[in-house]
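Novice: Supplied in structure tokens, the structure appears directly below.
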Amino acid sequence: MSNELIEFVLVSIALLGIGIYGLAVKRNAIRMLFAVEIIVNAANLNLVAFARFMPHSGGQTLALFSIAIAAAEVAVGLALIIVAYRMYKNIDIADFRSLKG
Amino acid sequence: MADALFLAISVLTIGSAIAALEMRSLVYGSIALMGTLGGVAGFYVMLDSPFVAMFQLAVYVGSIAVLILFTVMLVKRELIFKKIEDPKRKFAGIGLMLIVILALGAVIMDSGIKTISTDSDPVDFREIGGDFLTYYWPALILMALILAGSVMGALVLARREDTIENE
């Protein structure tokens, strides 16, 4: 194993920072979903990296569960964006503020 | 010390993550997101977890990225190329990103993680399969139900209700 744990953790922190930037700045609903995906991937990378250096199989199992749940989340999120787009003809989340029932 | 392959994959991953958020066109943005997800799969291979890497390629690069591409295609053309963001918040967002990266990085560099390295053998993926079917089987069934429910929910949400009126 030529690489150390700290390198993977630093890459994960960089991805987390980029994801937080995207969530804070972007108002495009699809781009915010991209940012959420990047953050989820940073978390999964951390899980697998720590599992490799324990070493224990639990981290990989948890990462697999996390990937599957993220797939469900993206499917529902994109469906919600499509519904909101059909109602407002826009994907700017500032327009979604009037969503009330 | 990091080797060349690690540096290449991390440049690909972080660079395409930035490109996914900053590219003008949403279509190119989602292709750049594919690069990020593929780079993370490369990290999984480097961490001796080929099972998770395969899952990542199949679920993220294979299905989620294609799902995002199809959703982008459903959106109007002008909206795909329009950048919607607050210029005031842009600097605040960059500041927030730097604060998060620097603070977490300082904490991590200060902790004992820096010296951890391992010579032990990687976990056999057969062990993961065994775990799934023995200890984690209720969670596996629950996950299957959640996936089925979410797919049904997505279909119900995205269904058009006005098609009959138009005929």
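The values are calculated or read from the model by the stated rules, or taken from the named source; none is laboratory data. The model shown is predicted, which means the values in this text are computed figures rather than measured ones. Here Cβ is always computed from backbone atoms with ideal geometry, including for glycine, and neighbour counts include all displayed protein chains.
Novice: I'm trying to understand the selection: among the residues of region A:48-67, which are assigned to a helix (DSSP H, G or I), of a type in the set (Ser, Thr, Tyr) and over 14 Å from the mean Cα position of the chain (by Cα)?
Specialist: A:Thr61
Novice: Scan region A:68-101 for residues that are among the acidic types (Asp, Glu) and either within 8 Å of chain B (Cβ to nearest Cβ) or outside any helix (DSSP H, G or I) (or both) and report the count.
Specialist: Summing the residues that are among the acidic types (Asp, Glu) and either within 8 Å of chain B (Cβ to nearest Cβ) or outside any helix (DSSP H, G or I) (or both) in region A:68-101 gives 2.
Novice: Any residue in region B:139-157 that is at the interface with chain A (Cβ under 7 Å from one of its Cβ atoms) sitting within a Cβ distance under 8 Å of a residue that is aromatic (Phe, Trp, Tyr) and surrounded by 11 or more Cβ atoms within 10 Å (Cβ to Cβ)? List the pairs, counting only those 6 or more apart or interchain.
Specialist: That search, which allows pairs on different chains as well, returns B:Ala139/A:Phe65; B:Met143/A:Phe65.
Novice: For region A:1-35, name all the residues that are under 15 Å from B:Thr36 (Cβ atoms), among the small types (Gly, Ala, Ser), touching a Phe, Trp or Tyr at 6+ places or on another chain (Cβ under 9 Å) and at the interface with another protein chain (Cβ under 7 Å from one of its Cβ atoms).
Specialist: Once the filter is applied, which keeps residues that are under 15 Å from B:Thr36 (Cβ atoms), among the small types (Gly, Ala, Ser), touching a Phe, Trp or Tyr at 6+ places or on another chain (Cβ under 9 Å) and at the interface with another protein chain (Cβ under 7 Å from one of its Cβ atoms), region A:1-35 yields A:Gly22, A:Ala35.
Novice: With the checklist (1) under 21 Å from B:Ala53 (Cβ atoms); (2) aromatic (Phe, Trp, Tyr); (3) at pLDDT 90 or above in hand, flag the one item A:Phe53 doesn't pass.
Specialist: (3)
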